[in-house]
Structure formats: C-alpha cells, structure tokens
1. For a quick check of your reading of the model, give me the residue pairs whose first member lies in segment 73-84 and is part of a helix (DSSP H, G or I), whose second is modelled with pLDDT under 80 and surrounded by 10 or more Cβ atoms within 10 Å (Cβ to Cβ), with beta-carbon atoms closer than 9 Å and at least 6 apart or on different chains.
2. Any idea how many residues of segment 24-64 are modelled with pLDDT of 70 or more, exposed (fewer than 10 other Cβ atoms within 10 Å of the Cβ) and not charged (D, E, K, R)?
3. On the basis of being surrounded by 10 or more Cβ atoms within 10 Å (Cβ to Cβ) and of a type outside the set (D, E, K, R), does Trp94 make the cut?
Amino acid sequence: MPASKRLPLTILLLVLLMPRILASPLPPSSKASANGWGVDPEKSYPGTTVIELLDATSEEAESAIREAFAEGYKAGLLETAPERDYWKSLAESWQREAAFEATRFRLPLWALPVAAASGAVLAFAVTFAVGR
C-alpha cells in the first residue's frame, strides 16, 4: 500500500479506536443501605415517629435555607459595594448639577419669537411714525 493512503487510514483507525482507548471503567456506585442509617427493614415504625422525624428534617432544612440566604445576601452586598458607591456618587453629582441648573436664570423658549415679533412691530411703528 502506498504511503499516501496509509496515513489517512492510520488516522481513521485512531479516530475509531480513540473512544475505547480513552474510556475508563465507571466506579462502582455505592447505594445507601438501610443498615447504614440504623433502620431495621423488618420493623414497622409508628406514624407519629415518622411525622416527628419529617418535622425535624423540615425545620432543619428551613433554617439551613435561611442561613444560606443570609450568607448569600451578605456576599452579594460585599460584591456590589464598589459598584454601588460609583453609582451613588454619580447620582449625587447629577443632583448637584440639577440643583444648579434649577437656580440658574434661563429664558423660556417662547421668549425669542415674542421678542423678534415685538422688535419687528416696534421697528414698523417707528418707521411709520417717522415717515409721515
């Protein structure tokens, strides 16, 4: 077989065998046995005991969720503190600029056309009065 055909066939063979070469056996799964928990599978437990155990588990889960939420909230506050300070300073500077602009005297938009019209009427009246 020529060398030009041997290389692609070798690559193809490696690609086909690669999953088998790299595959590793899965570790055996360890199923939790009832004996590990100290539960006797032959014994019948009363409903009140089961309810008490479920209530205790529920209370512990709720308290763990509250604690995790509080920790996450604190971490979020600490993480966003620099960004919060930036936006707070930006808002304060904009408030100062807005207060300055509010106290500054500015003519309303309608003042320019009214002044131009008034000047034209006054010029026309003076021209008409002088021209007589």
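1. Between residues of segment 73-84 that are part of a helix (DSSP H, G or I) and residues that are modelled with pLDDT under 80 and surrounded by 10 or more Cβ atoms within 10 Å (Cβ to Cβ), the close pairs are Arg84/Leu77.
2. Number of matching residues: 5.
3. yes
Here's the yes/no breakdown for (1) within 48 Å of the chain's Cα centre (by Cα); (2) at pLDDT 85 or above; (3) hydrophobic (A, V, I, L, M, F, W, C); (4) loosely packed, with under 10 Cβ neighbours inside 10 Å:
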residue	(1), (2), (3), (4)
Trp87	yes, yes, yes, no
Arg104	yes, no, no, yes
Trp110	yes, yes, yes, yes
Ala125	no, yes, yes, no
Ala129	no, yes, yes, yes
Arg132	no, no, no, yes
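The values are calculated or read from the model by the stated rules, or taken from the named source; none is laboratory data. Source: prediction; values computed, not measured. Reconstructed Cβ throughout: ideal geometry from the backbone, glycine too, with neighbour counts over all protein chains shown.
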